[in-house]
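What follows is a single structure, written as structure tokens, with notes after it.
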Amino acid sequence: MNAITTSHWPYPRWIAHRGAGKLAPENTLAAFRLGAQHGYRMFECDAKLSADGVPFLLHDATLERTTNGRGTGGDLPLGALAQLDAGSWHSRAYAGEAVPTLEALARFCIANGYFLNIEIKPTPGQEETTGRVVGETAARLWQGQAVPPLFSSFKPDALAGAQATAAHIPRALLLDTLWDGCLDTARRLGCVAIVCNHALWDAALVAQVKGMGMRTLSYTVNDDWAAQRLIALGTDGIITDRVDLFSPATP
Ligand code: G3P
Ligand code: MG
């Protein structure tokens with residue numbers, strides 16, 4: 001595994017958000033398969049810990065929006081999470097889709113040569129532990145693979161946890177605002193990239209981040225005008241829901 005640096009950046013520009021955006025139930029294996037059918041070779045997912053410490057995929061802290069479960073997802077052990085229906089909320093075609101473990105998605109990506117952006121999305125209060133366990137888990141799953149996953153998080157403590165257990169797996173700081181000291185925090189955490197709300201990028205910020213030796217990525221870009229702006233600014237990566245609109249073959 002070569003170290004990921006600004007000059008060695010193996011990841012494609014186009015990244016399918018939560019698998020296939022809104023076209024399939026987010027963070028289910030069916031969604032990642034659909035994103036792949038649209039030609040995508042890199043995916044973003046949201047990972048947190050079950051009550052018994054296993055990384056699984058869920059965006060919200062709670063289960064209600066995207067499953068038939070109730071309460072905080074991280075309060076349930078994996079065995080209970082595995083019983084949930086994570087597809088019916090979306091449409092009948094996906095009824096019975098399971099809540100996947102991170103390991104299940106890793107196996108799918110590794111077997112097919114797909115790249116993965118693991119957003120570490122801790123249950124509140126579990127930031128550092130989640131980073132540590134996701135780090136250990138990813139290091140084990142991707143051992144011997146040429147290209148590691150890319151970790152990202154809005155939570156510096158989660159990135160610090162991942163750095164402690166998997167220093168060789170690259171990290172990115174997610175930003176929804178340019179809070180005081182955010183770029184210094186990214187540098188302190190050894191981040192290789194900043195992943196911004198796309199509206200935050202302008203020429204000055206792109207130059208500043210690149211000048212610090214980091215790559216520049218954006219979420220969640222669903223309009224052509226926004227994608228064109230980001231490409232013209234010279235940014236490196238675009239996370240999108242619109243796998244049906246953007247061809248990942250576009251350079
Ligand atoms: O990782 C990019 C993006 O997914 C961050 O926001 O809320 O969609 O997880 P969110
Ligand atoms: Mg996310």
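The values are calculated or read from the model by the stated rules, or taken from the named source; none is laboratory data. Model, not experiment: these values are computed from the prediction. Please note: Cβ atoms are built from the backbone with ideal geometry, for glycine as well, and neighbour counts cover all protein chains shown.
When residue 177 is tested against the conditions (1) free of Cβ contacts under 8 Å to residues at least 24 places away in the same chain; (2) polar (S, T, N, Q); (3) in a loop (DSSP other than H, G, I, E, B); (4) touching a Lys or Arg at 6+ places or on another chain (Cβ under 7 Å), the lone failure is (4). For the stretch 215-251, a residue qualifies if it is of a type in the set (A, V, I, L, M) and away from ligand 1 (no atom under 16 Å from the Cβ), and the qualifying residues are 231, 232, 233, 245, 249.
Considering only the stretch 204-251, how many residues are in a strand (DSSP E or B) and either of a type outside the set (Ser, Thr, Tyr) or at pLDDT below 95 (or both)?
As a first pass, look at the stretch 204-251 and keep what is in a strand (DSSP E or B): 215-219, 237-240.
So of that shortlist, the ones also either of a type outside the set (Ser, Thr, Tyr) or at pLDDT below 95 (or both) come out as 215, 217, 237-239.
Adding up the residues that qualify gives 5.
In the set 60, 46, 52, which member is under 15 Å from the mean Cα position of the chain (by Cα), farther than 26 Å from residue 247 by Cβ and not aromatic (Phe, Trp, Tyr)? Residue meeting the stated conditions: 60.
Among the criteria (1) buried (at least 19 other Cβ atoms within 10 Å of the Cβ); (2) within 16 Å of ligand 1 (Cβ to nearest atom), the one residue 4 does not fulfil is (2). Kindly indicate the residue of the stretch 192-221 that is hydroxyl-bearing (Ser, Thr, Tyr) and within 16 Å of ligand 2 (Cβ to nearest atom) and also surrounded by the fewest Cβ atoms within 10 Å (Cβ to Cβ) among those meeting that condition. Once the filter is applied, the top-ranked residue is 220.
Identify, from the list 189, 150, the residue that is at pLDDT 95 or above, of a type outside the set (Phe, Trp, Tyr) and more than 16 Å from ligand 2 (Cβ to nearest atom). Outline the logic, then answer.
Values: 150 fails: more than 16 Å from ligand 2 (Cβ to nearest atom).
Only one candidate passes the filter, namely 189.
Residue by residue, here is whether (1) surrounded by 21 or more Cβ atoms within 10 Å (Cβ to Cβ); (2) touching an Asp or Glu at 6+ places or on another chain (Cβ under 6 Å); (3) touching a residue at least 60 places away in the same chain (Cβ under 8 Å); (4) not acidic (Asp, Glu) holds:
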| position | (1), (2), (3), (4) |
| --- | --- |
| 25 | yes, yes, yes, yes |
| 39 | no, no, yes, yes |
| 55 | yes, no, yes, yes |
| 59 | no, yes, yes, yes |
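If we scan the stretch 138-156, do we find a residue that is more than 16 Å from ligand 1 (Cβ to nearest atom), assigned to a loop (DSSP other than H, G, I, E, B) and among the polar types (S, T, N, Q)?
Start the filter on the stretch 138-156 by keeping residues that are more than 16 Å from ligand 1 (Cβ to nearest atom), which leaves 139-148.
From the residues that got through so far, the ones that are assigned to a loop (DSSP other than H, G, I, E, B) too are 142-148.
So of that shortlist, the ones also among the polar types (S, T, N, Q) come out as 143, 145.
Yes: the stretch 138-156 contains one or more residues that are more than 16 Å from ligand 1 (Cβ to nearest atom), assigned to a loop (DSSP other than H, G, I, E, B) and among the polar types (S, T, N, Q).
Tell me whether the stretch 109-129 contains one or more residues that are among the hydrophobic types (A, V, I, L, M, F, W, C), assigned to a helix (DSSP H, G or I) and crowded, with 20+ Cβ neighbours inside 10 Å. Within the stretch 109-129, one or more residues are among the hydrophobic types (A, V, I, L, M, F, W, C), assigned to a helix (DSSP H, G or I) and crowded, with 20+ Cβ neighbours inside 10 Å.
Which one is farthest from residue 105 (Cα to Cα) among residues in the stretch 1-45 that are assigned to a loop (DSSP other than H, G, I, E, B) and among the β-branched types (Val, Ile, Thr)?
Start the filter on the stretch 1-45 by keeping residues that are assigned to a loop (DSSP other than H, G, I, E, B), which leaves 1-13, 18-28, 38-41.
Those left that are additionally among the β-branched types (Val, Ile, Thr): 4-6, 28.
Values: 4: 21, 5: 25, 6: 26, 28: 9 Å.
In this case the residue turns out to be 6.
Taking the stretch 75-96 as the search range and keeping residues that are assigned to a helix (DSSP H, G or I) and in contact with a Phe, Trp or Tyr (Cβ under 9 Å, 6 or more places away or on another chain), which one is farthest from residue 23 (Cα to Cα)? I'd like the intermediate steps shown before the answer.
The first filter runs over the stretch 75-96 and keeps only residues assigned to a helix (DSSP H, G or I), leaving 75, 78-81, 92-94.
From the residues that got through so far, the ones that are in contact with a Phe, Trp or Tyr (Cβ under 9 Å, 6 or more places away or on another chain) too are 78, 81.
Working: 78: 26, 81: 23 Å.
For the stretch 75-96, the residue satisfying everything is 78.
In the list 73, 53, 35, 21, which residue meets the criterion of being of a type in the set (Gly, Ala, Ser) and within 13 Å of ligand 1 (Cβ to nearest atom)?
Values: 73 fails: within 13 Å of ligand 1 (Cβ to nearest atom); 53 fails: within 13 Å of ligand 1 (Cβ to nearest atom); 35 fails: within 13 Å of ligand 1 (Cβ to nearest atom).
Selected residue: 21, the only one of 73, 53, 35, 21 that is of a type in the set (Gly, Ala, Ser) and within 13 Å of ligand 1 (Cβ to nearest atom).
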